[in-house]
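The values are calculated or read from the model by the stated rules, or taken from the named source; none is laboratory data. Fair warning: this is a prediction, and the values are worked out from it, not measured in the lab. A quick note on method: Cβ atoms are made from the backbone with ideal geometry, for glycine too, and the neighbour counts reach across all protein chains shown.
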Amino acid sequence: MTEGNFVDYVKIHASSGNGGKGSVHLHREKYITKGGPDGGDGGRGGHVIVRGNKNLWTLVHFKFKHHFKAGHGEHGSKNRSSGADGEDVYMDVPLGTVFKNSETDEVLFEITEEGEERILVEGGMGGRGNWHFKTSTNQTPRYAQPGVKGQEVDVTMELKLLADVGLVGFPNAGKSTLLAAITSAKPKIANYEFTTLKPNLGIVEYRDFQSFVMADIPGIIEGAAEGKGLGHYFLRHIERNATLLFLIPADSNDISKEYEILLDELRRYNPELLDKERLVAISKCDMLDTELMDEMKIELDKDFANVPYMFISSVAQFGIQELKDKLWKMLNS
Ligand SMILES: Nc1nc2c(ncn2[C@@H]2O[C@H](COP(=O)(O)OP(=O)(O)OP(=O)(O)O)[C@@H](O)[C@H]2O)c(=O)[nH]1
Ligand SMILES: [Mg+2]
(Lines give C-alpha, C1' and ligand atoms only; values in the text may rest on other atoms or scores of the structure.)
(Ligands and ions follow the chains in the order given, each with its own letter.)
Protein backbone atom coordinates (compact mmCIF):
# COMPACT_ATOMS: atom_id res chain seq x y z
CA MET A 1 0.00 0.00 0.00
CA THR A 2 1.51 3.33 -0.91
CA GLU A 3 1.03 6.46 1.12
CA GLY A 4 -1.30 8.14 -1.32
CA ASN A 5 -4.13 5.69 -1.57
CA PHE A 6 -4.83 5.03 2.05
CA VAL A 7 -8.23 6.54 2.81
CA ASP A 8 -9.88 6.05 6.17
CA TYR A 9 -12.66 8.64 6.09
CA VAL A 10 -15.28 9.21 3.42
CA LYS A 11 -18.77 10.57 3.05
CA ILE A 12 -21.25 8.93 0.77
CA HIS A 13 -24.88 9.27 -0.19
CA ALA A 14 -27.10 6.23 -0.44
CA SER A 15 -30.67 5.90 -1.60
CA SER A 16 -32.88 2.85 -1.65
CA GLY A 17 -35.46 2.05 -4.30
CA ASN A 18 -39.18 2.86 -4.19
CA GLY A 19 -41.58 -0.01 -3.70
CA GLY A 20 -43.66 -0.80 -6.79
CA LYS A 21 -47.35 0.06 -6.83
CA GLY A 22 -49.94 -2.62 -6.22
CA SER A 23 -52.14 -3.15 -9.23
CA VAL A 24 -55.85 -2.42 -9.50
CA HIS A 25 -57.14 -4.92 -11.98
CA LEU A 26 -60.31 -6.87 -12.50
CA HIS A 27 -60.07 -10.24 -14.06
CA ARG A 28 -61.55 -10.42 -17.51
CA GLU A 29 -62.00 -13.47 -19.61
CA LYS A 30 -64.42 -14.53 -22.30
CA TYR A 31 -67.64 -16.02 -20.86
CA ILE A 32 -66.66 -15.09 -17.28
CA THR A 33 -68.56 -11.94 -16.42
CA LYS A 34 -67.37 -11.17 -12.92
CA GLY A 35 -63.82 -12.35 -12.65
CA GLY A 36 -63.03 -10.41 -9.50
CA PRO A 37 -59.94 -8.43 -8.56
CA ASP A 38 -56.59 -9.87 -9.58
CA GLY A 39 -54.15 -6.97 -9.37
CA GLY A 40 -50.76 -8.18 -8.13
CA ASP A 41 -48.38 -6.68 -5.59
CA GLY A 42 -45.65 -4.21 -6.31
CA GLY A 43 -42.06 -5.40 -5.87
CA ARG A 44 -39.87 -4.25 -2.99
CA GLY A 45 -37.49 -1.38 -3.68
CA GLY A 46 -33.82 -2.35 -3.69
CA HIS A 47 -31.74 -2.03 -0.51
CA VAL A 48 -28.30 -0.56 -0.27
CA ILE A 49 -26.36 -3.26 1.55
CA VAL A 50 -22.94 -3.06 3.14
CA ARG A 51 -20.73 -6.13 3.17
CA GLY A 52 -17.45 -6.86 4.99
CA ASN A 53 -14.56 -7.89 2.79
CA LYS A 54 -11.32 -8.95 4.43
CA ASN A 55 -9.29 -8.27 1.31
CA LEU A 56 -9.91 -4.55 1.50
CA TRP A 57 -7.72 -2.36 3.67
CA THR A 58 -8.82 1.13 2.82
CA LEU A 59 -11.86 3.14 1.76
CA VAL A 60 -10.04 4.46 -1.29
CA HIS A 61 -12.57 2.94 -3.69
CA PHE A 62 -15.20 5.33 -2.32
CA LYS A 63 -13.18 8.38 -3.15
CA PHE A 64 -14.48 8.56 -6.68
CA LYS A 65 -17.78 6.75 -6.27
CA HIS A 66 -19.84 8.15 -3.47
CA HIS A 67 -23.41 7.83 -4.68
CA PHE A 68 -25.16 4.53 -4.27
CA LYS A 69 -28.65 4.08 -5.59
CA ALA A 70 -30.66 0.89 -5.52
CA GLY A 71 -33.30 -0.01 -8.13
CA HIS A 72 -37.03 0.61 -7.84
CA GLY A 73 -39.50 -2.22 -7.43
CA GLU A 74 -41.73 -2.91 -10.42
CA HIS A 75 -45.45 -2.42 -10.24
CA GLY A 76 -47.82 -5.33 -9.80
CA SER A 77 -49.97 -6.39 -12.73
CA LYS A 78 -52.95 -8.51 -13.66
CA ASN A 79 -53.32 -12.20 -12.84
CA ARG A 80 -51.97 -11.49 -9.36
CA SER A 81 -48.53 -11.20 -10.76
CA SER A 82 -46.12 -9.42 -8.49
CA GLY A 83 -43.67 -6.84 -9.76
CA ALA A 84 -40.01 -7.76 -9.55
CA ASP A 85 -38.02 -6.46 -6.57
CA GLY A 86 -35.69 -3.57 -7.27
CA GLU A 87 -32.04 -4.44 -7.58
CA ASP A 88 -30.06 -4.36 -4.33
CA VAL A 89 -26.78 -2.53 -4.42
CA TYR A 90 -23.80 -3.89 -2.47
CA MET A 91 -20.96 -1.84 -1.05
CA ASP A 92 -17.90 -3.84 -0.05
CA VAL A 93 -15.99 -2.35 2.87
CA PRO A 94 -12.91 -3.34 4.86
CA LEU A 95 -13.39 -4.95 8.25
CA GLY A 96 -13.40 -2.26 10.92
CA THR A 97 -15.52 0.24 9.02
CA VAL A 98 -17.79 2.31 11.24
CA PHE A 99 -20.92 3.86 9.72
CA LYS A 100 -22.32 7.11 11.03
CA ASN A 101 -25.24 9.25 10.02
CA SER A 102 -23.50 12.38 8.69
CA GLU A 103 -26.16 14.73 9.97
CA THR A 104 -26.52 13.45 13.51
CA ASP A 105 -23.12 11.81 13.90
CA GLU A 106 -24.93 8.82 15.39
CA VAL A 107 -23.14 5.51 14.95
CA LEU A 108 -25.31 3.23 12.85
CA PHE A 109 -23.23 0.07 13.01
CA GLU A 110 -19.80 -1.28 12.29
CA ILE A 111 -18.66 -4.08 10.11
CA THR A 112 -16.11 -6.37 11.69
CA GLU A 113 -16.47 -9.71 9.97
CA GLU A 114 -15.85 -11.18 6.58
CA GLY A 115 -19.12 -11.53 4.69
CA GLU A 116 -21.10 -9.65 7.35
CA GLU A 117 -24.01 -7.82 5.73
CA ARG A 118 -26.03 -4.88 6.99
CA ILE A 119 -28.78 -2.99 5.23
CA LEU A 120 -27.74 0.65 5.11
CA VAL A 121 -30.97 1.94 3.60
CA GLU A 122 -33.98 -0.24 3.29
CA GLY A 123 -35.93 -0.36 0.04
CA GLY A 124 -39.58 0.73 0.17
CA MET A 125 -42.14 -2.04 0.55
CA GLY A 126 -44.17 -2.90 -2.50
CA GLY A 127 -47.88 -1.99 -2.38
CA ARG A 128 -50.40 -4.80 -2.19
CA GLY A 129 -52.59 -5.41 -5.21
CA ASN A 130 -56.35 -5.05 -5.11
CA TRP A 131 -57.09 -8.74 -4.82
CA HIS A 132 -55.99 -8.55 -1.18
CA PHE A 133 -58.74 -6.09 -0.45
CA LYS A 134 -61.68 -8.11 -1.60
CA THR A 135 -64.29 -8.45 1.20
CA SER A 136 -67.81 -9.77 1.46
CA THR A 137 -69.16 -6.28 1.04
CA ASN A 138 -66.73 -5.15 -1.61
CA GLN A 139 -66.18 -7.83 -4.20
CA THR A 140 -64.46 -5.55 -6.67
CA PRO A 141 -62.16 -3.20 -4.77
CA ARG A 142 -60.82 -0.51 -7.01
CA TYR A 143 -58.08 0.21 -4.58
CA ALA A 144 -54.51 -1.00 -4.20
CA GLN A 145 -51.64 0.23 -2.05
CA PRO A 146 -49.06 2.51 -3.52
CA GLY A 147 -45.49 1.39 -2.92
CA VAL A 148 -43.52 2.92 -0.05
CA LYS A 149 -40.94 5.46 -1.18
CA GLY A 150 -37.27 4.65 -0.84
CA GLN A 151 -35.09 6.57 1.61
CA GLU A 152 -31.95 8.62 1.34
CA VAL A 153 -29.17 8.99 3.81
CA ASP A 154 -25.84 10.77 4.06
CA VAL A 155 -23.34 8.49 5.66
CA THR A 156 -19.84 8.96 7.00
CA MET A 157 -17.60 5.94 6.93
CA GLU A 158 -14.58 5.70 9.21
CA LEU A 159 -12.09 2.92 9.14
CA LYS A 160 -10.44 1.59 12.26
CA LEU A 161 -7.79 -0.82 11.17
CA LEU A 162 -8.16 -4.34 12.39
CA ALA A 163 -4.50 -5.18 12.62
CA ASP A 164 -3.33 -7.69 15.19
CA VAL A 165 -0.34 -5.67 16.26
CA GLY A 166 -0.18 -1.89 16.37
CA LEU A 167 3.16 -0.09 16.43
CA VAL A 168 3.46 2.73 18.89
CA GLY A 169 6.42 5.06 19.04
CA PHE A 170 7.76 8.56 18.69
CA PRO A 171 8.51 9.81 15.22
CA ASN A 172 11.77 8.40 13.89
CA ALA A 173 11.71 5.40 16.24
CA GLY A 174 12.08 2.98 13.35
CA LYS A 175 8.47 1.78 13.08
CA SER A 176 8.29 1.82 9.31
CA THR A 177 11.72 0.22 9.04
CA LEU A 178 10.51 -2.64 11.22
CA LEU A 179 7.37 -3.04 9.14
CA ALA A 180 9.48 -3.14 6.01
CA ALA A 181 11.84 -5.67 7.59
CA ILE A 182 9.23 -8.20 8.60
CA THR A 183 6.53 -7.75 5.98
CA SER A 184 6.49 -7.11 2.27
CA ALA A 185 5.02 -3.65 2.82
CA LYS A 186 7.11 -0.83 1.41
CA PRO A 187 6.51 2.15 3.66
CA LYS A 188 8.45 5.36 3.25
CA ILE A 189 11.47 5.48 5.54
CA ALA A 190 13.63 8.50 6.26
CA ASN A 191 15.68 10.07 8.95
CA TYR A 192 13.22 12.78 9.83
CA GLU A 193 10.09 12.97 11.91
CA PHE A 194 6.66 12.33 10.51
CA THR A 195 7.90 10.45 7.51
CA THR A 196 4.81 8.33 7.84
CA LEU A 197 1.71 10.41 7.29
CA LYS A 198 -0.81 7.66 6.83
CA PRO A 199 -1.03 4.21 8.38
CA ASN A 200 0.61 1.29 6.62
CA LEU A 201 -0.32 -2.31 7.05
CA GLY A 202 1.81 -5.33 6.46
CA ILE A 203 1.27 -9.05 6.75
CA VAL A 204 3.88 -10.81 8.83
CA GLU A 205 4.42 -14.30 7.48
CA TYR A 206 4.94 -16.67 10.33
CA ARG A 207 6.07 -20.29 10.43
CA ASP A 208 3.89 -22.84 8.61
CA PHE A 209 2.13 -20.31 6.39
CA GLN A 210 0.44 -18.57 9.23
CA SER A 211 0.39 -14.82 9.42
CA PHE A 212 -0.66 -11.78 11.36
CA VAL A 213 -1.18 -8.15 10.45
CA MET A 214 0.89 -5.28 11.75
CA ALA A 215 -0.04 -1.61 11.52
CA ASP A 216 2.48 1.20 11.34
CA ILE A 217 0.96 4.55 12.21
CA PRO A 218 2.43 8.06 12.25
CA GLY A 219 4.61 8.83 15.23
CA ILE A 220 3.01 9.86 18.50
CA ILE A 221 4.35 12.86 20.37
CA GLU A 222 3.65 14.36 23.74
CA GLY A 223 0.29 16.11 23.49
CA ALA A 224 -0.94 13.83 20.71
CA ALA A 225 -4.17 13.10 22.57
CA GLU A 226 -4.92 16.82 22.49
CA GLY A 227 -4.27 16.99 18.81
CA LYS A 228 -0.54 17.66 18.54
CA GLY A 229 1.26 16.15 15.60
CA LEU A 230 -0.60 13.59 13.57
CA GLY A 231 -0.90 10.85 16.14
CA HIS A 232 -4.28 11.77 17.57
CA TYR A 233 -5.93 11.39 14.22
CA PHE A 234 -4.49 7.93 13.85
CA LEU A 235 -4.66 6.74 17.43
CA ARG A 236 -8.04 5.26 16.65
CA HIS A 237 -6.29 2.80 14.39
CA ILE A 238 -4.72 1.05 17.35
CA GLU A 239 -8.01 0.83 19.26
CA ARG A 240 -8.75 -2.45 17.53
CA ASN A 241 -5.32 -4.02 17.68
CA ALA A 242 -4.98 -6.93 20.02
CA THR A 243 -1.40 -6.15 20.97
CA LEU A 244 0.63 -2.96 21.08
CA LEU A 245 4.29 -3.05 20.20
CA PHE A 246 6.12 -0.04 21.61
CA LEU A 247 9.22 0.93 19.73
CA ILE A 248 11.82 3.01 21.53
CA PRO A 249 15.19 3.66 19.89
CA ALA A 250 18.31 2.54 21.71
CA ASP A 251 19.75 6.04 21.41
CA SER A 252 16.85 7.63 23.25
CA ASN A 253 17.91 9.94 26.07
CA ASP A 254 15.62 8.18 28.49
CA ILE A 255 13.98 4.98 27.36
CA SER A 256 11.69 4.61 30.40
CA LYS A 257 10.56 8.21 30.21
CA GLU A 258 9.76 7.85 26.51
CA TYR A 259 7.70 4.79 27.31
CA GLU A 260 5.81 6.65 30.05
CA ILE A 261 5.02 9.55 27.71
CA LEU A 262 3.66 7.16 25.12
CA LEU A 263 1.57 5.35 27.70
CA ASP A 264 0.26 8.63 28.98
CA GLU A 265 -0.83 9.75 25.52
CA LEU A 266 -2.67 6.50 24.98
CA ARG A 267 -4.32 6.78 28.37
CA ARG A 268 -5.48 10.29 27.65
CA TYR A 269 -6.83 9.32 24.27
CA ASN A 270 -8.65 6.23 25.47
CA PRO A 271 -7.83 4.53 28.78
CA GLU A 272 -8.98 1.19 27.39
CA LEU A 273 -5.88 1.16 25.23
CA LEU A 274 -3.92 0.32 28.36
CA ASP A 275 -5.86 -2.92 28.77
CA LYS A 276 -4.14 -4.33 25.72
CA GLU A 277 -1.13 -6.56 25.90
CA ARG A 278 2.11 -4.66 25.47
CA LEU A 279 5.59 -5.47 24.37
CA VAL A 280 8.49 -3.04 24.31
CA ALA A 281 11.17 -3.31 21.64
CA ILE A 282 14.33 -1.27 22.02
CA SER A 283 15.05 -0.57 18.36
CA LYS A 284 18.23 0.31 16.44
CA CYS A 285 20.31 -1.76 18.88
CA ASP A 286 22.94 -2.31 16.18
CA MET A 287 24.19 1.01 17.53
CA LEU A 288 25.02 -0.66 20.83
CA ASP A 289 27.88 -2.99 21.67
CA THR A 290 27.23 -5.96 23.96
CA GLU A 291 28.88 -4.22 26.90
CA LEU A 292 26.55 -1.24 26.64
CA MET A 293 23.59 -3.51 26.12
CA ASP A 294 24.39 -5.42 29.31
CA GLU A 295 24.65 -2.19 31.23
CA MET A 296 21.29 -1.03 29.88
CA LYS A 297 19.69 -4.33 30.78
CA ILE A 298 20.38 -3.76 34.47
CA GLU A 299 18.43 -0.50 34.35
CA LEU A 300 15.71 -1.77 32.05
CA ASP A 301 15.04 -4.86 34.15
CA LYS A 302 14.12 -2.48 36.96
CA ASP A 303 12.05 -0.06 34.88
CA PHE A 304 10.29 -2.71 32.83
CA ALA A 305 9.44 -5.12 35.61
CA ASN A 306 5.81 -5.33 34.52
CA VAL A 307 6.12 -5.36 30.78
CA PRO A 308 8.30 -7.59 28.60
CA TYR A 309 11.02 -5.85 26.62
CA MET A 310 13.57 -6.95 24.09
CA PHE A 311 16.37 -5.57 21.93
CA ILE A 312 15.95 -5.54 18.18
CA SER A 313 17.56 -4.11 15.08
CA SER A 314 15.60 -4.07 11.86
CA VAL A 315 18.72 -3.10 9.94
CA ALA A 316 20.91 -5.89 11.34
CA GLN A 317 17.97 -8.34 11.57
CA PHE A 318 18.83 -8.78 15.24
CA GLY A 319 16.12 -10.20 17.50
CA ILE A 320 13.58 -10.16 14.70
CA GLN A 321 12.69 -13.85 14.81
CA GLU A 322 12.38 -13.69 18.60
CA LEU A 323 10.13 -10.68 18.21
CA LYS A 324 7.87 -12.53 15.80
CA ASP A 325 7.78 -15.55 18.11
CA LYS A 326 6.89 -13.40 21.07
CA LEU A 327 4.13 -11.54 19.19
CA TRP A 328 2.73 -14.77 17.87
CA LYS A 329 2.56 -16.17 21.38
CA MET A 330 0.90 -13.06 22.71
CA LEU A 331 -1.68 -13.12 19.93
CA ASN A 332 -2.47 -16.77 20.42
CA SER A 333 -2.44 -17.00 24.19
N1 LIG B 1 20.88 2.01 12.84
C2 LIG B 1 19.58 1.76 12.66
N3 LIG B 1 18.79 2.73 12.13
C4 LIG B 1 17.49 2.45 11.96
C5 LIG B 1 16.93 1.19 12.31
N6 LIG B 1 15.61 1.24 12.06
C7 LIG B 1 15.35 2.46 11.55
N8 LIG B 1 16.48 3.20 11.48
C9 LIG B 1 16.60 4.58 10.96
O10 LIG B 1 15.80 5.47 11.70
C11 LIG B 1 15.23 6.47 10.87
C12 LIG B 1 13.74 6.50 11.04
O13 LIG B 1 13.17 5.30 10.59
P14 LIG B 1 11.63 5.14 10.22
O15 LIG B 1 11.39 3.69 10.06
O16 LIG B 1 11.25 6.03 9.11
O17 LIG B 1 10.98 5.68 11.56
P18 LIG B 1 9.44 5.85 11.92
O19 LIG B 1 9.27 5.46 13.34
O20 LIG B 1 8.60 5.14 10.92
O21 LIG B 1 9.28 7.42 11.78
P22 LIG B 1 7.95 8.29 11.49
O23 LIG B 1 7.30 7.70 10.29
O24 LIG B 1 8.48 9.64 11.25
O25 LIG B 1 7.13 8.21 12.72
C26 LIG B 1 15.67 6.12 9.45
O27 LIG B 1 16.79 6.91 9.12
C28 LIG B 1 16.04 4.65 9.54
O29 LIG B 1 17.02 4.28 8.60
C30 LIG B 1 17.82 0.19 12.86
O31 LIG B 1 17.43 -0.95 13.18
N32 LIG B 1 19.11 0.55 13.02
MG1 LIG C 1 7.25 5.83 9.69
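Structure data summary
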read-out	value
Exclusive hit being out of contact with any His (no Cβ under 6 Å at 6 or more places or on another chain), more than 12 Å from ligand 1 (Cβ to nearest atom) and touching a residue at least 12 places away in the same chain (Cβ under 8 Å), set LEU178, LEU197, LEU201	LEU201
Residues (within 22 Å of the chain's Cα centre (by Cα) and in a helix (DSSP H, G or I)) located in region 176-234	SER176, LEU179, ALA225, GLY231, HIS232, TYR233, PHE234
Flag if ASP92 is acidic (Asp, Glu) and part of a strand (DSSP E or B)	yes
Qualifying residue in region 244-262 (condition: surrounded by fewer than 17 Cβ atoms within 10 Å (Cβ to Cβ), farther than 14 Å from PRO171 by Cβ and basic (Lys, Arg))	yes
Meets criteria (buried (at least 16 other Cβ atoms within 10 Å of the Cβ), in the same structural domain as ALA215 (by TED's automatic domain parsing) and either under 26 Å from LEU59 (Cβ atoms) or in contact (Cβ under 8 Å) with a residue 24 or more places away in the chain (or both)) for PRO171	yes
Residues satisfying the stated conditions in region 128-175, i.e. within 25 Å of ASN53 (Cα to Cα) and assigned to a strand (DSSP E or B)	GLU152, VAL153, ASP154, VAL155, THR156, MET157, GLU158, LEU159, VAL165, GLY166, LEU167
Scope region 9-45; condition surrounded by fewer than 24 Cβ atoms within 10 Å (Cβ to Cβ), under 25 Å from GLU122 (Cα atoms) and in contact with a helix residue (DSSP H, G or I) (Cβ under 8 Å, 6 or more places away or on another chain); matching residues	VAL10, ILE12
Sole residue being within 22 Å of LEU178 (Cα to Cα), part of a strand (DSSP E or B) and touching a residue at least 24 places away in the same chain (Cβ under 8 Å), chosen from VAL280, VAL315	VAL280
